[in-house]
Amino acid sequence: MLEARLGETQLLKKIVDALKEIISLSTLDCSETGMQLQSMDNSHVSLVSLSLQTGCFEKYRCDRNVSLGLDLKSLSKVVKSASGDDSVTLSAADKADKLLLSFESDNKSRTADYELKLLNLDQDHLGIPDTNYACTVQMPSSEFARICRDMSMFSETVVISCTKQGIKFSANGDLGSANIKLAETSKGDITIDVEEPITQSFAGRYLNTFTRATPLSDRVKICLAPEVPLLVEYSIEDYGYIRYYLAPKVDD
Amino acid sequence: TPIQNDLTEYFSLV
């Protein structure tokens with residue numbers, strides 16, 4: 001059986017918020033090492049991968065691997081009903097058809113138990129090869145969210161160029177054009193590692209959706225390489241991550 | 001205008 005307790009429901013709320021705009025149904029695979037989830041969006045343009053190692057949890061027990069087919073909209077409704085500082089325990093039997101969520105208030109005076117019906121999902125899993133990225137940029141996640149929002153006012157396509165001098169985001173549309181450049185800073189809040197300069201185009205709508213994960217981490221890592229999808233990674237409390245992959249736009 | 005590539009062009013099914 002599975003029993004996993006998070007000290008604060010706030011973390012689960014943030015994770016669900018980071019997933020539900022991209023995917024509506026997904027399987028959460030639980031094993032003794034933690035929880036994993038991987039899904040593509042309906043149009044097969046982006047993929048989200050979530051990993052939570054046991055260190056994310058106050059208590060974690062999973063005797064046998066269990067796959068939980070989740071409707072994220074339903075999970076979101078349940079999680080919204082709890083207070084952020086409640087603790088939450090997820091539990092499921094070995095061949096479960098439901099997930100139990102038990103919320104407990106700080107002073108233990110209020111408990112709330114929910115049963116969520118599980119779905120039998122037949123999901124494709126993709127193998128993501130290890131990639132030696134040409135450019136790796138780390139910046140404050142709020143800065144990345146702001147740039148993605150500002151770019152999307154100008155065009156649905158955002159061009160990202162990365163050189164040793166910095167990373168540049170550009171958008172060209174009916175309104176005009178926008179260019180935002182960031183250089184590496186000495187205090188280390190922006191780091192730019194470039195093996196080889198790169199310029200690629202991406203759909204701004206997806207980049208914007210990825211920034212729903214901003215509350216999970218102060219920092220975001222952006223990795224680019226020729227001919228491979230963009231990787232946008234938010235770490236989760238030292239023991240996990242949410243990674244978004246986005247296929248580039250290519251010239252016709 | 002650039003066209004959107006499909007992610008499955010890059011990652012294989014396992």
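For this structure, a couple of remarks:
- Breaking point among (1) free of Cβ contacts under 8 Å to residues at least 12 places away in the same chain; (2) in contact with a Cys (Cβ under 7 Å, 6 or more places away or on another chain), for A:L231: (1)
Condition check ((1) within 20 Å of the chain's Cα centre (by Cα); (2) in contact (Cβ under 8 Å) with a residue 12 or more places away in the chain) across all residues:
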site: A:F169; (1), (2): no, yes
site: A:N172; (1), (2): no, yes
site: A:G188; (1), (2): no, no
site: A:D193; (1), (2): no, yes
site: A:E196; (1), (2): no, yes
site: A:Q200; (1), (2): no, yes
site: A:L207; (1), (2): yes, yes
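- Pairs are defined by a Cβ separation below 7 Å, a sequence spacing of at least 6 or placement on different chains, a first member in the range A:44-58 that is within 14 Å of another protein chain (Cβ to nearest Cβ) and within 24 Å of B:Q4 (Cα to Cα), and a second member that is assigned to a loop (DSSP other than H, G, I, E, B) and not charged (D, E, K, R); the pairs so defined are A:V45/A:A247; A:S46/A:I22; A:V48/A:I22; A:V48/A:I23.
- For first residues located in chain B and more than 7 Å from chain A (Cβ to nearest Cβ), partners that are modelled with pLDDT under 90 and part of a strand (DSSP E or B) and lie 6+ apart or on another chain with Cβ distances below 7 Å do not occur.
- Any hit, the range A:51-63, residues being closer than 26 Å to A:A203 by Cβ and either at pLDDT 95 or above or part of a helix (DSSP H, G or I) (or both): yes
- Residue identified as in contact with a Cys (Cβ under 6 Å, 6 or more places away or on another chain) and either buried (at least 18 other Cβ atoms within 10 Å of the Cβ) or within 14 Å of chain B (Cβ to nearest Cβ) (or both) among A:G173, A:G240, A:G204: A:G240
- Note on the range A:72-99: among residues that are of a type outside the set (S, T, Y), touching a Ser or Thr at 6+ places or on another chain (Cβ under 7 Å) and buried (at least 17 other Cβ atoms within 10 Å of the Cβ), the one that is nearest to the other protein chains (Cβ to nearest Cβ) is A:L72.
- Candidates in the range A:24-36 are the residues that are hydrophobic (A, V, I, L, M, F, W, C) and closer than 17 Å to A:Y241 by Cα; of these, the one that is farthest from the chain's Cα centre (by Cα) is A:C30.
- Any chance A:S74 is modelled with pLDDT of 95 or more and small (G, A, S): yes
- Residue match in the range A:137-146 (condition: within 21 Å of the chain's Cα centre (by Cα), under 20 Å from A:L50 (Cβ atoms) and hydroxyl-bearing (S, T, Y)): yes
- Matching residues in the range A:176-201 - criterion: being in contact with a Lys or Arg (Cβ under 8 Å, 6 or more places away or on another chain) and exposed (fewer than 14 other Cβ atoms within 10 Å of the Cβ): A:N179, A:K181, A:P197
- Selection status of A:Y245, among the aromatic types (F, W, Y), under 30 Å from A:V16 (Cα atoms) and assigned to a helix (DSSP H, G or I): no
- A:A82, sole failed condition from (1) part of a loop (DSSP other than H, G, I, E, B); (2) within 18 Å of the chain's Cα centre (by Cα): (2)
- Listed conditions (1) in contact (Cβ under 8 Å) with a residue 40 or more places away in the chain; (2) more than 12 Å from chain B (Cβ to nearest Cβ) are all met by A:N179, apart from (1).
- Restricting attention to the range A:207-234 and to residues that are within 14 Å of chain B (Cβ to nearest Cβ) and either surrounded by fewer than 17 Cβ atoms within 10 Å (Cβ to Cβ) or touching a helix residue (DSSP H, G or I) at 6+ places or on another chain (Cβ under 7 Å) (or both), the residue that is farthest from A:A134 (Cα to Cα) turns out to be A:L207.
The values are calculated or read from the model by the stated rules, or taken from the named source; none is laboratory data. On a predicted model such as this, the values are computed, not experimentally measured, just so you know. Please note: Cβ atoms are built from the backbone with ideal geometry, for glycine as well, and neighbour counts cover all protein chains shown.
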